[in-house]
Amino acid sequence: MAEKLCPCGSGKKISACCGGQGNIIDLTKYRWWRAGQHLRRKLAEFAGSETFFHEAEKAREIYFSVMDPELADEKDEFLVERFFEWFIFDYPIRDLTLVEYFSMSARLTEEESILLEEWKRARSSVYQVLHIDGEMITLRDLIREGELVVKDRNAARELKTGHILYIRVLPLGNMFEFSTGGLVLPAYSKNYIINRIKLDAELYWSNYKNNRDWDDYLRERAHILNALILEMGFIWDLPDKGDRNKSVEGFLNELSQQVTDIFLDYCYDHVVNQSQHDQNEETLPEESWNGMDRNGIQKLLRRLDKAVKDKKIDLYDSDGMFKGIRLPLNETARTRHAGNAKGRDDGYARVTELIRDGLKKMGYRVQQVNKAVKLWQQFSNLAQPTFRKPGAWAAAVIYALARLQGETISQHKLATMYNVSVSTISTNYRNICRTLQLNG
């Protein structure tokens, strides 16, 4: 007789999880988890009904229109899931959200009713990872303050202490869980992003609201903040300050922070300010880089690259920044990266191996496997990506191949196959598309 899966929701067999030696299933936690699963399903069915079809189309246009066109992929599973969550919790339909309409008509159990009242008040916010212990993640809400602990085995593998998350956290009895996949930023962006959000909130409150309520702001500006943080997270895959060479002080750190702040200013002006002045149709992305702004960032990048080369250390990878504002790759950056060729070659080879193995297991033909490998070679030669998780790049390449061929493949299936998150696959896929100018 086949052994049942553990009721805690881990996806493991009972003997390998809560039913193993020394483990005890907490029936109270299980009851709340089960109520949460049922409530999610009912909410999704309610939101997907024909009643809200036209509202969903209007909401989709609003949600994706504020994103950089190169990132607004309406077929990307991760982005679609985030849109659908926003549509349920934040999008106003005649002054009420869909989750509020649902609470008026749904037939729910006692536990589901309690959860729903709490979920109606849940907002996407900016959190910092304070601590990770096994599958338990301690977070601090940087906007509304307060700390909480989320249990998520997969997220615990992906996140690092210090990471900044833009995500919705849902109460689940005396526990918490993530509503869907979140957006992740490096630790060094903390002060900047919080200051920018506070500035945007002040402008928002002065123009539209008399009260200064963070919950109102986070709900009504959720799609704008999502677009801002999505773009910030896309441009860089850079080491946190804590990972940099400890002997480098003063000039280099100050200079690298200048570069970071200018880029964050670009993202803010591109997304947030543009959304506030879009009725004039004047704030265009490229205008941010005309004149002194564009020349200034180019000079800073070249000064930084020269300083890093002279010190013979890999302090700051500016390649992504050059590409982000459509500047030719700096020669000093090419020289610096050439010194790390051995590590890159090992990483490229590992990703290639994972791509071949994965496609063969999925039944792809030799010609398709070779096409995927060629796609990876073209991208890696141009982008020189990092290899903290080779499986995430392999999954993204396979997903890109399927999209190019007009095939349907699930990011969730690939995430399970390569033991990575859907959000990481989505981010890497968008990197590939932008670098190679693909239209999947």
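Quick test for you: out of 75, 12, 29, pick the one residue that is modelled with pLDDT under 60, basic (Lys, Arg) and over 26 Å from residue 100 (Cβ atoms). It is 12. Evaluating residue 118 against the criteria (1) modelled with pLDDT of 95 or more; (2) buried (at least 16 other Cβ atoms within 10 Å of the Cβ) leaves one unmet condition, (2). Can you pull out every residue in the stretch 66-99 that is touching a His at 6+ places or on another chain (Cβ under 9 Å), farther than 14 Å from residue 168 by Cα and not in a loop (DSSP other than H, G, I, E, B)? Correct list: 77 only.
Just to be sure, is residue 68 touching a residue at least 60 places away in the same chain (Cβ under 8 Å) and either touching a Lys or Arg at 6+ places or on another chain (Cβ under 8 Å) or assigned by TED's automatic domain parsing to the domain that holds residue 427 (or both)? The answer is no for residue 68.
For every residue, the table says whether it meets (1) among the aromatic types (Phe, Trp, Tyr); (2) in contact (Cβ under 8 Å) with a residue 24 or more places away in the chain; (3) within 20 Å of residue 349 (Cβ to Cβ).
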{"site": "366", "(1), (2), (3)": "no, no, yes"}
{"site": "371", "(1), (2), (3)": "no, yes, yes"}
{"site": "380", "(1), (2), (3)": "no, yes, yes"}
{"site": "388", "(1), (2), (3)": "no, no, yes"}
{"site": "397", "(1), (2), (3)": "no, yes, yes"}
{"site": "408", "(1), (2), (3)": "no, no, no"}
{"site": "423", "(1), (2), (3)": "no, yes, no"}
{"site": "427", "(1), (2), (3)": "no, yes, no"}
{"site": "432", "(1), (2), (3)": "no, yes, yes"}
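Here residue 130 fulfils each of the conditions (1) part of a loop (DSSP other than H, G, I, E, B); (2) modelled with pLDDT of 95 or more apart from (1). Of the set (1) in contact with an Asp or Glu (Cβ under 9 Å, 6 or more places away or on another chain); (2) free of Cβ contacts under 8 Å to residues at least 40 places away in the same chain; (3) over 24 Å from residue 411 (Cα atoms), all apply to residue 110 but (1).
The values are calculated or read from the model by the stated rules, or taken from the named source; none is laboratory data. Owing to the predicted nature of the structure, the values given are computational and were not obtained by experimental measurement. Cβ atoms come from the backbone with ideal geometry, glycine included; neighbour counts cover every protein chain shown.
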